[in-house]
Amino acid sequence: MISNKLVVIAAFNLPFEAHIAKVQLEAADIPSFIADEHMGGLQYYANAIGGVRLLVPRNAMRAAHEALANDFQQYLEELPDPVHCRQCGSENTAPDTQNKFPALITLLLLGVPLLFPKVGMSCEDCQHFESN
């Protein structure tokens, strides 16, 4: 009868973190339960009660620790090649949006944006912007 008691395997600050760990345990066929999930939305109260707790049966405690220790690095994809600037050839580019502020101002003043933001890539070295 003692082996069916639930024990806390981990505690989290936010509910979604507990759900991610619960999915890891479910993938390993380990039953798990989340306690105090709704209190986790209230940041200050979650810490006061010990966070959002993930519970497993006592007899599955060792398997749960092993399942949560797996970092799944072998399943991660490699990052794509960086985007090169067409003007200077630099790899120092980042997603960017132009005309956000004027579009917001006209939307607030007139109720309709007269200018629309442009989404694209901006080069940090030469300041070249290329829209998508």
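The values are calculated or read from the model by the stated rules, or taken from the named source; none is laboratory data. Note that the structure is predicted; figures quoted are calculated from it, not measured. Ideal geometry is used to build each Cβ from the backbone, glycine not excepted, and the neighbour counts take in all protein chains shown.
Miscellaneous remarks
- Count of residues meeting criterion [more than 12 Å from GLN127 (Cα to Cα) and modelled with pLDDT of 80 or more] in the stretch 76-88: 2
- Within the stretch 20-34, being surrounded by fewer than 18 Cβ atoms within 10 Å (Cβ to Cβ) and in contact with a strand residue (DSSP E or B) (Cβ under 7 Å, 6 or more places away or on another chain) holds for PRO31, PHE33, ILE34.
- Filter result for the condition that a residue is free of Cβ contacts under 8 Å to residues at least 12 places away in the same chain and within 24 Å of the chain's Cα centre (by Cα), over PRO82, PRO95: PRO82
- Here ALA103 meets each of (1) in contact with a Phe, Trp or Tyr (Cβ under 7 Å, 6 or more places away or on another chain); (2) assigned by TED's automatic domain parsing to the domain that holds ALA11; (3) modelled with pLDDT under 80 with one exception, condition (2).
- Residue in the stretch 116-132 that is touching a residue at least 12 places away in the same chain (Cβ under 8 Å), polar (S, T, N, Q) and within 30 Å of PHE33 (Cβ to Cβ) present: no
- Looking at PRO102, PRO113, PRO82, just one residue is part of a loop (DSSP other than H, G, I, E, B), surrounded by 14 or more Cβ atoms within 10 Å (Cβ to Cβ) and not β-branched (Val, Ile, Thr), and that residue is PRO113.
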